[in-house]
Amino acid sequence: MAARRSRLLPWLLAYKALRTPVAFGVTAILEDAGGRILLVRQRYSPGWHLPGGGVDRGEPPAEAIIRELQEEVGLQSWAAPVLHALYTRAVGVTTNVVALYRVGDAVISFRPNREIAEILWADPHTPPDDATPATLRRFAELVGGATPTPYW
């Protein structure tokens, strides 16, 4: 009986993964020396977003956020990333888990690319009106005007 269970376990785990898929992503509160926060305008999604992306299989999230920032906005130098919070959101049949990192002392060399059309360094107290709802929630939490939530 135990041998049968051990043969079934991989199939049960695969079924569970297909039934309840989870995607793991990273996002950054990327701050320059003046305390401004970098926002990006993606080519495939309206509004201003915090920069970030997916975590590759086996990749530590703190390394993933630095890789994403280098790819997306040309991150040149930075302070060590510090985990700020974990969030969750449902997207279709998938659950996204988002690790939000604070990365200070950022210096970038941005060039528009196939993913990011433009950037904006924003004052955290006055985010742009067309920032996404999630971005506005993170700004409100950051400056102390909103109670943190576990939902993106």
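FYI, it's all coordinate maths here, none of it is from the lab. From a predicted model like this one, the values you see are computed outputs, not experimental measurements. Heads up, the Cβs are rebuilt from the backbone with ideal geometry, glycines too, and the neighbour counts pull from every protein chain shown.
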Within the under-11-Å Cβ sphere about Ala131, not counting Ala131, Lys/Arg +1 and Asp/Glu -1 give a net charge of +1
In the list [x] 9.0; [y] 10.9; [z] 8.1, the entry giving mean projected area of the Cα convex hull in nm² computed from the coordinates is [y]
In the neighbourhood of Arg36 defined by beta carbon distances under 14 Å, the net charge of the other residues (Lys, Arg +1; Asp, Glu -1) is -3
Note on segment 18-152: contact order normalised by length, alpha-carbon pairs under 8 Å, 6 or more apart, percent, works out to 32 percent
In whole Hz, the Karplus estimates of ³J(HN,Hα) for segment 85-92 (6.51, -1.76, 1.60; θ = phi - 60°; x where Gly or Pro) are 5, 10, 10, 9, 7, 9, 10, x
Going residue by residue through segment 111-127, the Karplus relation 6.51 cos²θ - 1.76 cosθ + 1.60 with θ = phi - 60° gives ³J(HN,Hα) values, rounded to whole Hz and with x marking Gly or Pro, of 9, x, 9, 5, 9, 10, 7, 7, 10, 8, 8, 10, 6, x, 7, 9, x
Checking segment 12-119 for GluC sites (Glu not before Pro) in a loop per DSSP with at most 11 other beta-carbon atoms within 10 Å yields none
Toy charge model, Lys and Arg Cβ at +1, Asp and Glu Cβ at -1: segment 21-142 dipole around Cα centroid in debye, rounded to 20, equals 240 debye
Gyration tensor on Cα atoms of segment 64-145, a ≥ b ≥ c root eigenvalues, a/c under 1.5 rounded, else prolate if a/b beats b/c, else oblate, says rounded
Simple SL model, points at 7 angstrom along Cα→Cβ for Thr126 and Arg67; separation in nm is 3.8 nm
Helix 61-73 sits off the longest principal axis of the Cα atoms of the chain, rounded to the nearest 10 on a 0 to 90 degree scale, by 50 degrees
If amide H atoms are modeled at 1.01 Å from N in the peptide plane, then the residues at a separation of 5 or more from Ala23, or on another chain, having amide H under 5 Å from its own are Thr95, Asn96, Val97
Here segment 35-42 yields Karplus 3J(HN,Hα) values (6.51, -1.76, 1.60; θ = phi - 60°; whole Hz; Gly and Pro given as x) of x, 7, 10, 7, 10, 10, 10, 7
Interchain or sequence-distant (5+) residues whose placed amide H lies within less than 5 Å of the amide H of Ile108 are Gln76
The local net charge around Gly25, scoring Lys/Arg +1 and Asp/Glu -1 for residues other than Gly25 whose Cβ lies under 10 Å from its Cβ, equals 0
Within the set Gly58, Gly35, Gly47, GNM on the chain using Cα springs under 10 Å gives the largest fluctuation to Gly58
With Cα coordinates, the longest principal axis of the chain makes an angle with the long axis of helix 133-142, in degrees rounded to 10, of 70 degrees
